[in-house]
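I have placed the structure first, in the form of structure tokens, so that the comments after it can refer back to it.
The values are calculated or read from the model by the stated rules, or taken from the named source; none is laboratory data. Please read these numbers as outputs of a predicted model, since none were measured by experiment. Backbone-built Cβ (ideal geometry, glycine too); neighbour counts: all protein chains shown.
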Amino acid sequence: MRGHGWKWLLCTPALIVLLLAASGPLLIVAVYSFLSPGNMGGVVWDFSLEAWFRVFFRRDIFEPDQVELNTAHLQVFWRSVWLSLQTTFICAFLGFPTAWFIATRPRHTRTVWLFLITIPFWTNLLIRTFAIQEMIRNNGTINAVLLWTGVIDSPIQMMFTEFAVLLGMAYVFLPLMVLPLYAAMEKMDFSLVEAGYDLYASRLNVLWHVILPQVKPGFIAGSILVFIPAIGAYVTPRILGGGRTMMLGNLIALQFGQGRNWPLGAALALLMLVMVVGALIFYLRVVGRNDGVRRG
Amino acid sequence: MMGCAVARSRFSITRLPGFGLIAILTFVMLYLPIVILVAFSFNEGISQSRWEGFSLQWYQAAFNNSQVRDVSLRSLWLAVTAASFATILATLAALGTTRVGRFPGQTMIYALINQPLMVPEIVTGIALLIFVAAIKVQTGYTGMGYLVAAHTAFCIPFAYLPIRARLETLDHALEAAAADLYASPIQAFRYITLPLMVPGILAGFMLGFVISLDTVVITEFVKSAGQDTLPTYMLGQLRRSVTPEMNAIATLFLALSLMIVTAFFFITRTRGR
Amino acid sequence: MSQEIEITGLNKSFGQGAAAFHALRAIDLTIATGEFFTLLGPSGCGKTTLLRIIAGFEEPSTGVLRINGKDVTGLGPDKRPINTVFQSYALFPHMSVAQNIGFGLKMLGKPKSEIKATVAEMLQLVRMEAMADRLPSEISGGQQQRVALARALAPRPRVLLLDEPLSALDLKLRKEMQSELKRLQTETGITFVFVTHDQEEALTMSDRIAVMSAGEILQLGPPQEIYNAPVNRFVADFIGDTNFLRLRLRVKAVAAGEAVLELPGGKQASARLPASISPPVGSLVTAVIRPEQAEPTPAGQGEMQAVVASATFFGTDTHLHLLLDDAQGFVLRRQNRPDQPSPAPGTKLGLTFAPGALRVLED
């Protein structure tokens, strides 16, 4: 039991599967992004930077030397980032009071509320997106209610808009914000809140100067947990957004379907990976700095 | 009534104005779409917005739909297989990485195990598509092996979490006590460590099962023709106009998830036993 | 008495080279069969490491450990006729009380009937018959303690090791378990090696005590000897309360092991001088007097003169904080009696002490 060999040995089976079916293929993606596209999908083994070039630029069909920015792509990138930020903000706005509500319940009912948040977290994302679709379709619940009450005469078009995607993402990712916030609040020292009130702070002051600094790590963790899957979203924008409000995930998938430019798809996928890793590094740095402040 | 008024006006340190209202509204918004979805699975008519009476006809339709039966069985089989493999592999990995002190390469192992959690599913999906396409060309094999491998890899981090968490709570003194009471290392593992790990292993299996059952993007890109699972089947159907049959399928799916989540909740809450 | 445990030249260090931490240095120790032996010291002194080496959880860096004459240095804990009562009890949470107690016998491959009989006997010994089928989580801390004891005693080990077994209990239960432990030890005749940082616990229960500090045994002997004749400043300070005085040595070796010191105020008194030290005449030495071994006298009488600075009430007695003539502090313990109120601050009084109460110590 002296050496470390047995520890590695126990991990080896899992590592083999992970390398074969998760991490390894990512390396192939990196290689593919530097190859030329085949005629019917696939790749031709010729080194080329064309895929990366086409991530940001496009050539005129008739005059290939005419180069301009690929505004369609840039629009999709921007929409992905902007919708993800908005989703994060909405989740934070709704999630903070919700987590606070759960954390301040008596111990026995707290478990029930927590359970109610956990259920959607573990139910199929597809079904929850389907449920939203049912709500906002032209002949869905919301339009039916509005028509019935006479507020509107003809159904509002909500499906296939950015609003639909935003609503759907906020809906499916909300538990990811509430759970870390709750975890931070549960650990919170409520005697500090009492001390705040004891020292003449108003409710707003206590919220700002006492509660928020204590739950900040939960806030940051929740924001990252929402932002990352939002940037990588594929199912929700596909169902609720359709072709006109495509996000990065759908643009990637498109390259392996009708577009059939695998190297471009690989390059776009790497771009998404860079965004996610960037967000994670940002998170780790912020958390690391917070720790430093606390210790200092 | 007077007592009530006094109680309400008493200062509460946990109260923040408006928070309760937003929280309740959030819970309502969270559950309303699901409740409506479930309700219309029992609708007599084909409309999903106008109630026409109670009926089980859409459940009957779902059960009689041979395609739904096929994809459901495939999903269950895949989830059980992948979760079983993932649980075994994750248990071994947890034993190798938990309560053993730091060792060279540990960070790399953690990174590899958690990698499927970090990378967006769409990226893993197209990576697997590329990889699987290459293997198919080389070997000609088009069976379920690809899906099993992909789901197993994806489930490992989820199965690993509760197993590791459980193992971390085990006091080293328990194994020391077993050794002190004349148990060999194998006996100590057999009689002490393994039985105490069981709740974690069960929880790990359940998480893996639910995750595999929910996975849609990876399956969509890895599957060969005729290998639809329930989620990819639903994804395909949602593009068309749907009937309450889809609500019925979704409701059954929800019920299964709910059962597993409830069981998971109770297993991980029972501590000390 | 035969030797149960024999430790010779034992060293233990963690880490290597300059960064190495020496947990135990040159330990030589013999523990007799049937003895209640205590390792006493502050946390980090190495007493638990020594216990873990005896149990077999750690291996010594150098040195030999013999149990009943047999060298067991390389053997694992499962091959030693020794059982341990753990500080956290380490009861198996998924097994009933009876299963816990029977575990050792089961691992030794004893027949079921024998296990059953021994478990019943042990349950009776620790008065837990009614709890046999409970889980550890369903019984109180004191009961868990008894089960841990029964489990360790069930395989009838030659030696029982107890690692601060009472530290998790409240004061009343602790006192109760102290006499319970003593009773069990007398009834079973098993050698007990007990680790504690609680000097009072050590003094009341032990046949012999080893006082440890920084990986070394400073003093080894029966409780009375440790209390009355501490070998150095550390032992005197760690066991009980003590007044430390800096006094001038006037005469050496009036008789063997005796000296004359000059007290504050100029009077001279005889003191015990250990043979191990030999300070020059005229130098300042450290001398000690236990607070209860001095007595107040009317002012002007006695060996030393003092002024009361403050008094602290402790229920059974009062501690008077005094200032001696040369401004050294002195604590005097006086039993409380309703007819004797404690003197007010500023009161002058004299001090006297019994012969032999004053001792010179190694610094």
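Assorted remarks:
- Across the stretch C:150-187, the qualifying residues are those that are surrounded by fewer than 19 Cβ atoms within 10 Å (Cβ to Cβ) and either aromatic (Phe, Trp, Tyr) or touching a residue at least 60 places away in the same chain (Cβ under 8 Å) (or both), and the one among them that is farthest from residue C:207 (Cα to Cα) is C:168.
- Strands (runs of 3 or more DSSP E) lying entirely in the stretch C:1-110 (those with 1 or more residues that are away from chain B (no Cβ under 14 Å) and over 25 Å from residue B:183 (Cβ atoms)): C:3-14, C:21-32, C:36-40, C:62-67
- Checking residue A:146 against (1) at pLDDT 90 or above; (2) surrounded by fewer than 21 Cβ atoms within 10 Å (Cβ to Cβ); (3) at the interface with another protein chain (Cβ under 7 Å from one of its Cβ atoms), the condition it does not meet: (3)
- The stretch C:111-149, residues that are surrounded by fewer than 17 Cβ atoms within 10 Å (Cβ to Cβ) and within 13 Å of chain B (Cβ to nearest Cβ): C:134, C:137, C:138
- Restricting the stretch B:127-147 to residues that are over 15 Å from residue A:32 (Cα atoms) and buried (at least 20 other Cβ atoms within 10 Å of the Cβ), the residue that is nearest to the other protein chains (Cβ to nearest Cβ) is B:146.
- The strands (runs of 3 or more DSSP E) located wholly in the stretch C:301-344 that include 2 or more residues which are small (Gly, Ala, Ser) occupy C:304-313.
- Hey, residue A:178 crowded, with 20+ Cβ neighbours inside 10 Å, part of a helix (DSSP H, G or I), in contact (Cβ under 8 Å) with a residue 40 or more places away in the chain and not aromatic (Phe, Trp, Tyr) or not: yes
- Residue in the stretch B:29-51 that is nearest to residue A:96 (Cα to Cα), counting only those that are more than 7 Å from chain A (Cβ to nearest Cβ) and assigned to a helix (DSSP H, G or I): B:29
- Test result for residue B:17, surrounded by fewer than 12 Cβ atoms within 10 Å (Cβ to Cβ) and closer than 30 Å to residue A:101 by Cα: yes
- Test set (1) among the aromatic types (Phe, Trp, Tyr); (2) at the interface with chain A (Cβ under 10 Å from one of its Cβ atoms); (3) not in a loop (DSSP other than H, G, I, E, B) - residue B:158 fails condition number: (2)
- Residue list for the stretch A:111-138, filter: in a helix (DSSP H, G or I) and not aliphatic (A, V, I, L, M): A:111, A:113, A:115, A:118, A:120, A:121, A:122, A:128, A:129, A:130, A:133, A:134
- Counted as qualifying within the stretch A:1-87 are the helices (runs of 4 or more DSSP H) with 1 or more residues that are within 12 Å of another protein chain (Cβ to nearest Cβ), namely A:5-18, A:24-32.
- When the stretch B:121-180 is filtered for residues that are under 24 Å from the mean Cα position of the chain (by Cα) and farther than 19 Å from residue B:215 by Cα, the ones remaining, listed by number, are B:162, B:163, B:164, B:165, B:166, B:167, B:168, B:169.
- Filter result for residue B:169 (of a type in the set (Val, Ile, Thr), within 26 Å of residue B:109 (Cβ to Cβ) and within 14 Å of chain C (Cβ to nearest Cβ)): yes
- Qualifying residue in the stretch B:237-244 (condition: buried (at least 23 other Cβ atoms within 10 Å of the Cβ), out of contact with any Ser or Thr (no Cβ under 8 Å at 6 or more places or on another chain) and assigned by TED's automatic domain parsing to the domain that holds residue B:148): no
- Matching option when the condition is more than 7 Å from chain A (Cβ to nearest Cβ), in a helix (DSSP H, G or I) and surrounded by 14 or more Cβ atoms within 10 Å (Cβ to Cβ), among B:26, B:91, B:124, B:107: B:91
- Subset of the stretch A:181-223 that is touching a residue at least 24 places away in the same chain (Cβ under 8 Å) and in contact with a Gly (Cβ under 8 Å, 6 or more places away or on another chain) - its residue that is surrounded by the fewest Cβ atoms within 10 Å (Cβ to Cβ): A:183
- Exclusive hit being outside any helix (DSSP H, G or I) and in the same structural domain as residue C:81 (by TED's automatic domain parsing), set C:173, C:169: C:169
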